[in-house]
Structure formats: structure tokens, C-alpha cells
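Enquirer: Sharing a structure here in C-alpha cells format.
The values are calculated or read from the model by the stated rules, or taken from the named source; none is laboratory data. Note that the structure is predicted; figures quoted are calculated from it, not measured. Note that each Cβ is placed from the backbone with ideal geometry, even for glycine, and that neighbours are counted across all protein chains shown.
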Amino acid sequence: MVGPRLFDEIGNKLSELVANSPAKDLERNVKAVLSSGFNKLDLVTTEDFEIQRDLLLRTREKLEALEQRVAGLEAELAKLRSAGADGLEVD
């Protein structure tokens, strides 16, 4: 009967063969080429993208609030100017 030690030896030999095989070299080369290609694309992480998206959303909300405020101030100014044209003095 074959003992467990023989299976361990066979497993170790197979692992060595796979580690030293051309397939392993090919895998390393493909990973290196892909990694180099991704670095050239100047990609960002999902976390960085989400941070920028949230920042843009808050900025857009502030811009909309400021636009409403400016529109309100312009309307007040127009009222004051029209009241000044009716004989009232406006500074």
C-alpha cells in the first residue's frame, strides 16, 4: 500500500514542475504586460472616483444654491430700481 508520504512527494514534485514550466513564465509575462498597460492608462481607484463624485455633487449643490441667491438679489435690485424710477431714491 502506498503511504501518505508518497502522495506528498508527488504533490511537491508536481508543484515544482508547474513553477518551473513555460506556462508559469507565460503567466508572469502576461501579468507584467497587463500591469504596464494599466499603468499607462492612468486609471483611478474606485475609492478615489467615489470621493471625486461626492465632491462634485456637493459643489453642484452649492452652485445651485448660489445661483438661486444671485437670482433673488437681482430680483430685489430690479424692484428697488423700478421703485427709484417712480420717484423714490435708492442708494
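Enquirer: Can you find, within the stretch 21-42, the residue that is farthest from the chain's Cα centre (by Cα) among those that are exposed (fewer than 10 other Cβ atoms within 10 Å of the Cβ) and outside any helix (DSSP H, G or I)?
Expert: Once the filter is applied, the top-ranked residue is 41.
Enquirer: Out of the residues in the stretch 43-67 that are β-branched (Val, Ile, Thr) and assigned to a helix (DSSP H, G or I), which is modelled with the lowest pLDDT?
Expert: So in the stretch 43-67, the residues β-branched (Val, Ile, Thr) come out as 44-46, 51, 59.
From what's left, assigned to a helix (DSSP H, G or I): 46, 51, 59.
Numbers: 46: 93, 51: 97, 59: 98.
This residue is 46.
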